[in-house]
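Working notes, structure below.
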Amino acid sequence: MMRGLIIYLVVFLSWTFNSQLYGQSNRTVENAIHESVDILSTPDIWDLPPLPISKGPYTASWEDISRIYNVPQWWREAKFGAWSHWDPQSMPEQGDWYARGMYIEGSPQYQYHVENFGHPSEYGYKDICHNWVIDKWNPDELMDLYVEMGARYFMAMGVHHDNFDCYDSKYQPWNSVNVGPKKDIVGIWEKVAREHDMKFGIGFHNTPARTWGQFMTVRYTSDKKGPKAGVPYDALHTIADGKGEWWEGMDPVDLYGPVHDKKAPLHSPFANQFMWRIDDAITKYHPDVIYFDEHAGDSQVDLGVNMGLGFLAPQLIANYYNKSLKWNNGKMEAVVNLKGVGGRYNSFQNEPELLPLVDRSLVKSTEKIIEPEIMAYPFQTETSIAEWHYQTGQEYMDAATIIDLLMQNVSRNGTMLLNLTQHGRGDLDSEVVRIAKDVGEWLKVNGEAVYGSRPFEVYGEMNVCYTRNKGYVYATVFNWNDNQLTLQELHSNGHTLGKVSKVEMLGTNVEFEFAQNETGLTITPNQVLQHLPGITDKSLSQNIRVFRITHDKGWINDDDPGITAPGWYRVCNLETGDYNNDLTKSETTGDVWRGSFTGNNISVLCPKEEEAGKIEIQIDGEVQSTVDLSTTGKRKPQQVVCEISKLADGKHEIAIVNKGGGKVAIDALVVK
């Protein structure tokens with residue numbers, strides 16, 4: 001118990017330091033001190049020391065992480081991922097959050113459980129885990145389908161809110177190797193994903209607020225009425241109760257936690273065990289991305305629980321990034337997904353100054369809510385073809401809707417992660433397979449508008465989504481009916497689109513007449529188009545089509561593929577006349593923006609404005625010019641501040657250095 005007290009004090013002092021560092025109010029600290037009375041009364045059954053951060057350049061500071069981190073190129077190119085949101089809660093096939101609902105008297109899941117398995121005082125969630133059979137799980141076949149669907153990365157369920165680890169867990173004996181399937185599910189997924197050249201991720205939902213605060217606490221109760229009124233649910237079983245049972249020698253407290261309330265989950269002993277379990281999994285499986293169904297900050301409340309990873313987040317991220325650098329030979333390939341970074345469910349209401357730092361430190365995610373506009377930094381939206389966990393009788397999202405959601409995300413600088421809901425035994429309904437194949441067939445034809453693309457200056461208009469890729473502009477048109485169409489955003493004399501010289505529709509050789517003027521780009525087909533082949537969803541094969549538009553202003557934008565800019569920050573939706581309506585900016589002397597190009601002539605475009613600083617332009621490591629970006633009077637966008645010619649043919653590296661004197665911004669490169 002003394003060791004647990006020492007650990008608590010270390011964690012609490014760490015939290016206090018972070019609170020002072022980031023301006024947390026004294027009142028919040030006082031509240032935490034009062035809450036410590038309850039925390040200290042909770043035994044630390046795990047008896048683990050605080051998790052140290054692996055050695056490397058990243059520290060447990062949002063500011064430090066944001067100064068170094070760049071989202072890896074593989075993520076920027078991928079755009080679409082597949083998710084297996086599958087664990088013991090899938091076994092009853094009664095929908096999401098079964099491990100909680102089965103302990104809530106009167107709920108549909110409770111009623112189902114009592115009728116089909118028995119009362120939770122006798123047959124609890126541990127028994128669901130024990131009886132989880134996955135004899136129809138074929139990971140190779142499923143990964144083939146995910147690849148055929150067009151996904152470029154795969155996310156496995158590591159552990160849900162239920163606290164059962166689906167891998168060979170060092171710190172959680174209630175795992176899929178010891179109980180139920182007796183298989184290292186995450187380990188198998190990881191091997192198969194790598195064999196299919198898929199980037200691999202693990203989802204961790206066992207965050208302190210969700211698991212310690214919301215899922216565990218309902219289990220320390222009993223029925224309030226009926227024949228079992230007052231009989232405790234199985235969370236109060238002890239290791240002694242297992243004698244002669246299938247779970248003999250296993251302690252239910254490891255799965256259900258010691259009895260506690262929902263106060264201050266971040267300061268609970270479980271929070272430290274959670275950190276060790278994450279470290280164990282990333283060390284074993286070397287994931288390219290880790291996902292948390294949790295907020296990055298700590299100002300949101302849900303079901304009476306204070307949500308978020310709070311001060312644990314930068315510690316966890318720094319540890320993961322440093323470890324990833326080691327197993328990737330110094331190259332940054334890691335992505336962290338966390339929620340509540342701004343937006344509708346902003347979890348930094350108490351510390352708004354952290355928002356721009358957190359935005360640059362990870363890839364924020366939002367469940368089923370697409371960002372309302374183009375975002376300066378990449379984001380992810382998670383969605384599911386049906387219920388997150390299988391629900392008997394569930395209906396499925398059709399392929400056309402999936403493509404619609406995907407393009408809305410991509411056109412706003414996002415990525416979409418799609419769950420194909422599996423049966424408890426591991427297989428998919430035939431309808432899901434058909435839908436996934438339809439999505440893949442569409443992407444085979446139209447993928448150049450998706451993979452590796454970047455947003456256009458506006459994300460779209462009625463029934464149209466825009467993207468850019470390799471100098472082209474793509475217009476994905478919904479509800480296409482072979483009639484004449486005017487794309488208003490592609491008008492002449494725009495800031496980004498130049499003079500249009502060619503209009504093509506992907507997947508057909510039909511020629512189109514077009515006319516561009518100040519009101520838009522009007523496109524007229526010369527004949528009726530054939531449906532895209534191999535797609536059973538007629539609305540997808542006929543009504544969602546993509547135009548590729550060639551124009552004379554296909555410049556390299558400030559965030560195009562291959563560009564890295566640690567320490568710089570991005571702004572978009574500017575409406576100030578800049579190319580693509582966005583800029584990459586720096587306020588710190590010495591910051592370096594890097595990219596590459598192929599050609600023998602390059603022009604650098606930047607805005608000029610009052611009190612701007614200077615930049616140094618290097619080609620292949622040699623200084624070519626130092627430019628003052630300041631001007632007097634009116635701001636001047638899209639200025640050619642440097643032109644370098646007579647370079648050798650071939651590929652070149654360009655570096656632009658902030659030389660101080662004020663803010664600087666980079667807009668675009670023009671290569672000839």
Q: Take every Cα-Cα distance within the range 569-672, group them into 10 Å bins from 0 onward, and report for each bin the whole-number percent of pairs it holds.
A: 16, 50, 30, 5
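Could you tell me what % of all Cα pairs in the range 342-487 have separations over 24 Å?
Numbers: 4390 of 10585 pairs.
Across the range 342-487, Cα pairs with separations above 24 Å total 41 percent.
Could you please rank LEU497, LEU405, placing first whichever residue has the fewest other Cβ atoms within 10 Å of its Cβ?
Working: LEU497 25, LEU405 18.
Fewest-to-most ranking of LEU497, LEU405: LEU405, LEU497.
For the chain, which DSSP H helices look membrane-span-like by this rule: Cα extent along the axis of 30 Å or more and mean Kyte-Doolittle of at least -1.0? Let's see the in-between values first.
Numbers: long enough: none.
Helix filter hits for the chain: none.
Using only the Cα atoms, what convex hull volume per residue in Å³ does the range 228-330 have? All intermediate terms of the calculation are to be shown ahead of the outcome.
Details: hull volume 15.2 nm³, N = 103.
With only Cα atoms used, the range 228-330 gives 147 Å³ per residue.
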(Q) Just to compare against my own numbers: the Cα pair-distance distribution for the range 64-154, 10 Å bins, whole % per bin, please. (A) 14, 30, 21, 21, 12, 1
Q. Give or take rounding to whole Å, what are the principal axis extents of the alpha carbon atoms in the chain, in descending order?
A. 82, 59, 40
Q) Give or take rounding to whole Å, what are the principal axis extents of the alpha carbon atoms in the range 454-554, in descending order? A) 40, 27, 24
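Sorting ARG635, ARG454 on the 10 Å Cβ count, fewest up front, what's the list? Display every interim value, and only then the final one.
Working: ARG635 14, ARG454 19.
Going from sparsest to densest Cβ surroundings: ARG635, ARG454.
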Q. So, in nm, how far is label ASN131 from label GLU622 when the simple model puts each one 7 Å beyond its Cα toward the Cβ?
A. 7.6 nm
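Go ahead and estimate [θ] at 222 nm for the chain from helices alone: -39,500 (n - 2.57) per DSSP H run with n ≥ 4, summed, over the residue count, rounded to 500. Numbers along the way, then the final one.
Numbers: 16 runs with 168 residues, N = 672.
The per-residue figure over the chain is -7500 deg cm²/dmol.
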Q: Stick to Cα atoms and the Kirkwood definition of Rh, then tell me Rg/Rh for the range 121-251.
A: 1.06
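Among the trypsin sites (Lys or Arg not before Pro) within the range 164-239, which fall in a DSSP loop and have no more than 14 other Cβ atoms within 10 Å of their own Cβ?
Numbers: sites: LYS170, LYS182, LYS183, LYS191, ARG194, LYS199, ARG210, ARG219, LYS224, LYS225, LYS228; in loops: LYS170, LYS182, LYS183, LYS224, LYS225, LYS228.
Those satisfying the criteria are LYS182, LYS224, LYS225.
Once you've got the Cα coordinates, tell me which of LYS364/LYS614; LYS470/LYS651; LYS263/LYS323; LYS263/LYS368 are over 22 Å apart. Mind dumping the intermediate values first?
Working: LYS364/LYS614 32 Å; LYS470/LYS651 16 Å; LYS263/LYS323 32 Å; LYS263/LYS368 28 Å.
The answer is LYS364/LYS614; LYS263/LYS323; LYS263/LYS368.
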**Q.** Within-13-Å neighbourhood charge of LYS55 [Cβ basis; K, R +1; D, E -1]
**A.** +2
Q.
What distance in nm lies between label points placed 7 Å from Cα along the C-beta direction at SER539 and THR283?
A. 5.0 nm
Q | Cα-derived Rg over Rh, computed across the range 384-470 with Rh taken as Kirkwood radius | A | 1.04
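Treat the count of other C-beta atoms within 10 Å as a stand-in for reagent exposure and order SER630, SER411, SER365 from fewest to most. Walk me through the numbers before you get to the answer.
Details: SER630 16, SER411 27, SER365 23.
Placing the least packed residue first, the sequence is SER630, SER365, SER411.
Values quoted throughout were computed directly from the atomic coordinates according to the rules given, and no laboratory measurement underlies them. Please read these numbers as outputs of a predicted model, since none were measured by experiment. Reconstructed Cβ throughout: ideal geometry from the backbone, glycine too, with neighbour counts over all protein chains shown.
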